[in-house]
Amino acid sequence: MAINTARLQILIEEFLKPVVKKVDEEAFYAEDYLIALGKEGFFQSNEKAQEQMLLDELLVVQETAKVCMTTAFCVWCHLAALTYLRNSQNAYLQKMMLPQFENGQLLGATGLSNPMKYYADLEKLQLSAQEVEGGYIVNGVLPAVSNLGEQHWFGAIAAVGGREVMFLVSTKQENLQLQPKTHFIGVNGSATYACRFTNVFIPQQQIISEDARSFCNLIRPTFIFYQIALGLGVMEAVVEGIDKVKAKQNGCNEFLQVQAAQVTKQRERLMENLQQLVLENRIALEPIVELRLATVYETLSAVQANMIHHGAQGYVAGSVPSRKLREAYFFANLTPTVRQLEKMKIQFVK
């Protein structure tokens, strides 16, 4: 059964639209919206076919991004954590933790920005672990983990011997210190923290996988799949924005090279390709990376066009076009970043 889109719009109207400017300008974290999504069943996977679950959750991210991509990014963080739990072989995580993540009692974060870059030979792994009785002792610093708060958990990966282990960690874990990070030009309301591990004990029941590299290969296509909706939502908002000012200066905007119809056509093409991958059960790394990269460039083109259509009005502090512009630049630099995606694309050809 597909999600109730009318109910989703009600939640957006009630919990998200009133706080969008606070999210962007005051680093406000729209936690209540994420909790409401969980309580209303928008993260439930029970009795759903895989294809339906993916398309439903894709739509949640897209509709959220249309209004506020920062909060949609937080939704994506939670979906990333859900992906870890849904694919883990750990029975405790599956039976005890997953239901709480799906019903909004607990919220999740990804924590894999550094490991994903590590597996792409871009960075060193920032966390190390020592195996002890009943679990692992972890040390190191993750520079930035988003969508964190009091009732939050996030995935992380640490090197142990000649392998890596992946685990779920609570923000309340003993000896874990969180330092808030803001002063970004966008996504300040993403509840982003630097996370310092100082002899943090991770019990065995919190282990997602003893073979993190293989596990990441398994979940990475889905991890990236959900991100594509961020750009699609922004593009949809751009279409509405361009249409609103089409009569500006006696209709002079009609002479601009990029019009709303072109943005709509590109967005629909990307969406159709994405849906086709889902329905054909082809959520594999290569086609997903190609779509993610194409979406980045189309989103950047769309927000630039939006700024030009709005003229000076778009450059007013706090304007919607300027926010969409900053959101799109964050989308381009979200792991895997556009440069990492370009590298991956070349590697596929080889």
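The values are calculated or read from the model by the stated rules, or taken from the named source; none is laboratory data. Note that the structure is predicted; figures quoted are calculated from it, not measured. Every residue, glycine among them, receives a Cβ derived from its backbone with ideal geometry; neighbour counts consider all protein chains shown. Side chains included, ligands, DNA and RNA excluded: accessible areas come from the protein's heavy atoms. Shrake-Rupley method; radii C 1.70, N 1.55, O 1.52, S 1.80 Å.
Among the residues of the stretch 333-348, those that are in contact (Cβ under 8 Å) with a residue 60 or more places away in the chain and either polar (S, T, N, Q) or farther than 15 Å from residue 144 by Cα (or both) comprise 335, 340, 343, 344, 348.
Annotation note: Cβ proximity below 8 Å between a residue of the stretch 291-305 that is touching a residue at least 12 places away in the same chain (Cβ under 8 Å) and a residue that is open to solvent by 30 Å² or more (accessible area, probe 1.4 Å) and acidic (Asp, Glu) (sequence gap 6+ or interchain) occurs for 293/342.
Among the residues making up the stretch 190-231, those that are in a strand (DSSP E or B) and under 19 Å from the mean Cα position of the chain (by Cα) are 193, 194, 195.
Counted as qualifying within the stretch 236-350 are the helices (runs of 4 or more DSSP H) with 2 or more residues that are closer than 27 Å to residue 217 by Cα and open to solvent by less than 50 Å² (accessible area, probe 1.4 Å), namely 260-279, 285-310, 320-333, 338-349. State which residue is nearest to residue 214 (Cα to Cα) when the search covers only the stretch 98-116 and only residues that are open to solvent by 10 Å² or more (accessible area, probe 1.4 Å) and over 16 Å from the mean Cα position of the chain (by Cα). Here the residue is 98. Summed over the stretch 5-26, the residues that are in contact (Cβ under 8 Å) with a residue 24 or more places away in the chain and open to solvent by 40 Å² or more (accessible area, probe 1.4 Å) give a count of 8.
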